[in-house]
Amino acid sequence: MNKIIIALTAILMVNSGCAQTQKTEKSENQSRKILIAYYSWGGKTMNVAQQIQSLTGGEIFEIKPVKPYPESYDECTRQAKKEIGDGYKPELNGNVEKIEQYDIIFIGSPNWWSTIAPPVTTFLTSYNLSGKIIIPFCTHGGGGKANLFKDIAKLCPDAEIKNGFAISGSSATTAKPEIQKWLQELEIIK
């Protein structure tokens, strides 16, 4: 009988310790407020953003220009090339209320001409992101991250920029294991 009581006491103590650890991990994650802001032309970057959101529990914000880009790929790339060359910042539809409440901000963009899409430039220059942790991510058609992460860092000089994540748009829908590993390496999730 004593052995049973000792065994039950040990199990209760272990369970109590596990519950305390889970509470600590949960409260640490809850103390860091996460925003996932992204621009997506063809849905690939949106897909990655949604996977990040499902793994982190962060809030998601779609960066949308007031005037959408053309649906034709060729027209869109011509327009994007001109806008990037001109340093054009399109007006955005909507904004993030109380951005100061976020500690960690994921910034997502497709790779357009080796840099971020102009709506992302507008977003980054519209807010004071000093002291924030900025984590870039991008989708691409073969060009990798190119200058995207460096260009984001230039627009956020007083923020802490973490290692970014780049993935081919054709692999975006099945990227969750890679995204999870990246988030674990950044110590965003366990």
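The values are calculated or read from the model by the stated rules, or taken from the named source; none is laboratory data. Nothing here was measured: the structure is a model prediction, and the numbers come from that model. In this analysis, Cβ positions are derived from the backbone assuming ideal geometry, glycine residues included, and neighbour counts consider all displayed protein chains.
Quick rundown of the values:
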quantity	calculated
Residue list for segment 129-144, filter: surrounded by 14 or more Cβ atoms within 10 Å (Cβ to Cβ), in a loop (DSSP other than H, G, I, E, B) and modelled with pLDDT of 95 or more	Leu129, Lys132
Residue within segment 156-170 that is acidic (Asp, Glu), touching a residue at least 12 places away in the same chain (Cβ under 8 Å), surrounded by fewer than 20 Cβ atoms within 10 Å (Cβ to Cβ) and closer than 26 Å to Asp86 by Cα present	yes
Matching residues in segment 64-82 - criterion: being surrounded by 12 or more Cβ atoms within 10 Å (Cβ to Cβ) and among the β-branched types (Val, Ile, Thr)	Thr77
Filtered residue count, segment 83-108, keeping only those that are closer than 22 Å to Gly131 by Cβ and surrounded by 19 or more Cβ atoms within 10 Å (Cβ to Cβ)	6
Candidates Glu178, Glu83 - the one that is part of a helix (DSSP H, G or I), farther than 16 Å from Val48 by Cβ and modelled with pLDDT of 95 or more	Glu83
